[in-house]
Amino acid sequence: MENILELQQVSKTFPKSDFTLENMTFSIPYGAIMGFVGENGAGKTTTIGCILNTVRKDSGTVKLFGKEMTDADIGMREKIGVVYDGDNFPGYWNARQLSGVMEGLYTSWDHALFQKYLEEFHLPAKQKITSYSKGMTMKLAIAAALAHHPQLLILDEATGGLDPVMRDEMLDVFLEFVQEENHSILLSSHITSDLEKIADYITFIQNGRLIMTASKNDLVYNYAVMRCKESQFLALDPKDILAYRKRDFQIDVLVSDGKEAQRKYKDIVTDHVSVDEIMLLLVKGERV
Amino acid sequence: MRGLLKNNFYATLPNVKVFSVIMLLLGIFVVAMDNKIPSLIIGYTLLCMIGFSLNSIASLRRECATKWSKYKITAPVKRSAIVRSYFWSLLLWLAAGMIFAGTGVALSILLHGFPFDKNTDIFMLLVVGTGISLFMGAVFFPLIYLGGEERNEVFLVVSLLCGIGLVMGLATLINSFFPAPMTPVQIVLGGMMILVSALLVFALSYPLTVCISRKREY
C-alpha cells in the first residue's frame with residue numbers, strides 16, 4: 001500500500017527543555033485518516049513540526065508523497081493543508097483579507113470554495129478575526145486549509161475549541177474530504193471520541209516515544225480489557241499483557257486479542273475497550 | 001510574493017493610517033508656516049521617511065501574537081521569499097514616506113520660496129532619511145530572526161539608534177576627508193557615499209537574514 005506520509009526513526013532533542021522525540025516511526029496510506037493521540041507534551045506538535053519543517057529534525061526521514069520535503073519544495077506544500085490549535089491567522093484580518101493573502105500564496109486557491117465554506121460555517125467575511133469566537137477561528141482555519149484543494153490535511157488539535165455540534169459538523173467535512181482516494185488526514189487530538197468516529201488508524205505516543213500504531217477496527221474489535229483480581233493477574237501469561245493498571249480492588253489488563261483472552265482465561269471478565277481507555281492504560285499503566 | 005506583500009501591507013496598515021493622519025496634519029502646519037528657518041521642514045522630512053519605514057518593521061510584532069509566522073512556513077513559499085517580502089515592504093514604505101515628505105517640501109517651496117542655503121541640502125536630507133531607514137532595516141531583520149519577535153521593541157530601538165549612528169559616523173568620516181568648506185560636488189559625492197553604503201549594507205543584510213531564518217524553528 002502506498003503511503004502519503006512516512007516517518008522513519010525521526011528524532012529531535014530540545015536541549016533547553018530536555019525533551020526528546022525518539023525514533024518516531026509511522027505512516028499514513030493514501031485515503032486514510034490517522035489519529036495521533038498523546039497527553040500534553042507527548043510530542044505531537046513536535047512531530048508535526050518535523051513533518052512540516054517548522055522544526056528541524058536531528059535524524060530520521062520524513063517522506064511526503066514519497067519524497068523528503070525541503071524548503072524549496074513549494075509544489076509539495078501546495079498539496080498540504082494545515083490547521084494549528086488556536087489563532088492561525090492575525091486577528092486584524094477579516095476573512096476577505098485572509099482570502100486575498102492566501103490567493104497570493106497558493107496557486108490553487110479556490111476563492112469560490114472558500115466563500116462556500118464561509119457560508120456553510122456561518123462565518124461573516126467582513127468581521128475582524130479577532131472578534132470571532134474560538135470555534136469560529138477554528139472553522140475559518142479549516143475552511144482556509146481546505147480551500148486550496150490539498151491532498152493531505154495536517155490538523156494539530158483542530159477540533160479542540162469546538163463544541164460537540166460543531167465538532168460533529170467538522171468530522172463530516174473531514175470524512176467528505178477523504179472520499180477522494182488520494183486524500184488523507186493526520187489528526188492530532190485529545191478528544192479520542194472524535195478519532196473513534198473517523199480515524200482508520202490510531203498512533204499513540206508518550207514522552208516523545210511511539211507506544212503503538214494500530215488500525216481503529218483492530219482496537220475496537222480485537223483489543224479488550226480484562227478485569228482481574230490480584231491472584232488472577234499473577235496467573236496471566238506475561239506475553240498476553242500489553243499494559244496493566246491497578247485500581248482499588250482490581251487490575252485492568254489491556255490485551256490485543258480479546259476473544260483469545262476470553263478463551264484462555266474463562267474465569268476473568270473481559271470487556272470491550274474504548275480508545276480513551278486504551279490511551280489511559282498505555283499512558284498511565286505499567287508494562288510487564 | 002504577492003500574498004506575502006499583501007500580508008505585510010495588512011499588518012502595517014492600521015499603524016500607518018494613524019501615522020499618515022498625524023503626518024498630514026503636521027504637513028499642513030509645516031506648509032502653512034513661513035519656512036525662513038528650515039528646521040521644521042528638515043524635521044518633517046526625516047520624520048516622514050524614517051517614520052514610515054519604522055512602521056513597516058514594527059508591524060512584524062503583530063504577527064507573533066498568533067501562529068501565523070509558523071503557518072507561513074507551511075505555505076508554498078520559501079523562507080527566503082518571506083524575508084525578501086520584509087525587505088521589499090520596507091523599501092515600499094520608505095518610498096511612501098519620501099512621497100509624503102517630497103509633497104510637503106514642494107508645497108512649502110511653492111508657497112514660501114526655497115528655504116535652504118544650497119540646492120544640495122534637499123539631496124542631503126533625502127540621503128540622511130534614506131540612509132537611516134536602510135541601515136535600520138539592515139540591522140533589524142537579522143536581529144528579529146535571531147532573537148525572536150517578542151523582543152521586537154528592543155530591536156526596534158537598537159536598530160534605529162544603529163541607523164542614526166551609522167549615518168552620523170559616515171558623515172563625520174566624509175567630513176574629515178573633505179576639508180571645510182565643501183564644494184557642492186564634494187557634498188553630492190559624500191551623500192552618494194552614504195547612500196551607496198546604506199544600500200550595500202541593506203543588500204548584504206538580506207542573505208544574512210535568510211541564513212538565520214533557515215535555522216529558525218517555530
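Key figures
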| quantity | calculated |
| --- | --- |
| Helix A:164-177 vs. chain A, principal-axis angle (Cα, 0 to 90°, nearest 10) | 80 degrees |
| Neighbourhood charge, 9 Å Cβ-Cβ cut-off, centred on A:Asn94 and excluding it, Lys, Arg +1 and Asp, Glu -1 | +3 |
| Among A:Gly258, A:Val283, A:Gln232 the positive-end extreme of the charge dipole of segment A:223-284 (Cβ point charges) | A:Gln232 |
| Cα lying deepest toward the dipole's positive end in segment A:3-218, options A:Ile51, A:Leu195, A:Leu118, charges on Cβ | A:Ile51 |
| Test item: A:75-87 mean partner chain Cβ contacts at 10 Å | 3 |
| Within straight-line cross-link reach of B:Lys118, lysines at Cα separation under 16 Å, skipping those fewer than 8 residues along the same chain | B:Lys36 |
| Dipole in debye (nearest 20) - segment A:201-288, about Cα centre, beta carbon charges: Lys, Arg +1; Asp, Glu -1 | 100 debye |
| Nearest-0.05 FRET efficiency for B:Leu146 and B:Phe29, computed from C-beta distance (R0 41 Å) | 0.50 |
| Cα shape, segment A:1-44, gyration tensor, a/c 1.5 rule | oblate |
| Chain A, accessible surface, carbon-and-sulfur percent (1.4 angstrom probe) | 48 percent |
| Cross-link pairs beyond the 22 Å C-alpha cut-off, checked among A:Lys63/A:Lys116; A:Lys116/B:Lys70; A:Lys16/A:Lys44; A:Lys57/A:Lys197; A:Lys44/A:Lys239 | A:Lys63/A:Lys116; A:Lys116/B:Lys70; A:Lys57/A:Lys197; A:Lys44/A:Lys239 |
| Positive minus negative residues near A:Gly66 (Lys, Arg vs Asp, Glu; Cβ under 9 Å) | 0 |
| Total accessible area lost when B and A pair, probe 1.4 Å, Å² to nearest 100 | 2900 Å² |
| Crossing angle, helix A:275-284 versus chain A [Cα axis fit, 0-90 degrees, rounded to tens] | 70 degrees |
| Residue-by-residue Karplus 3J(HN,Hα) for segment B:194-201, coefficients 6.51, -1.76, 1.60, Hz, glycine and proline x | 5, 4, 5, 4, 4, 5, 5, 5 |
| Aspartates and glutamates whose Cα lies under 18 Å from that of B:Lys67, excluding same-chain neighbours fewer than 8 positions away | A:Asp85, A:Asp87, A:Asp156, A:Glu157, B:Glu149, B:Glu150, B:Glu217 |
| Two-site FRET efficiency, A:Leu234 against A:Ala214, from Cβ-Cβ distance with R₀ of 25 Å, rounded to 0.05 | 0.35 |
| C-alpha long axis of helix A:134-146 to longest principal axis of chain A, angle in ° | 80 degrees |
| Sequence-separation-based contact order of chain B, relative, with Cα cut under 8 Å and 6+ spacing, percent | 27 percent |
| Separation in nanometres of the label points that stand 7 Å from Cα toward Cβ, at B:Val18 and A:Asp271 | 5.8 nm |
| Cβ charges +1 (Lys, Arg) and -1 (Asp, Glu), total dipole of the protein assembly as shown, debye | 1260 debye |
| Net charge over other residues, Cβ less than 12 angstrom from the Cβ of A:Ala112 (K, R count +1; D, E count -1) | -2 |
| Sulfur and carbon atoms: percent of accessible area, segment B:1-118 [1.4 Å] | 73 percent |
| Separation of the A:Leu175 and A:His149 label points, Cα + 7 Å toward Cβ, nm | 2.6 nm |
| Accessible area (Å², per residue) of chain A, counting only protein heavy atoms and a probe of 1.4 Å | 44 Å² |
| Segment B:79-126-segment A:194-270 distance, computed between alpha-carbon centres (Å) | 72 Å |
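The values are calculated or read from the model by the stated rules, or taken from the named source; none is laboratory data. Every value quoted in this text rests on a predicted model; they were computed, and no experiment measured them. Heads up, the Cβs are rebuilt from the backbone with ideal geometry, glycines too, and the neighbour counts pull from every protein chain shown. Protein only, heavy atoms only, side chains kept; ligands, DNA and RNA dropped before computing areas. Shrake-Rupley method; radii C 1.70, N 1.55, O 1.52, S 1.80 Å.
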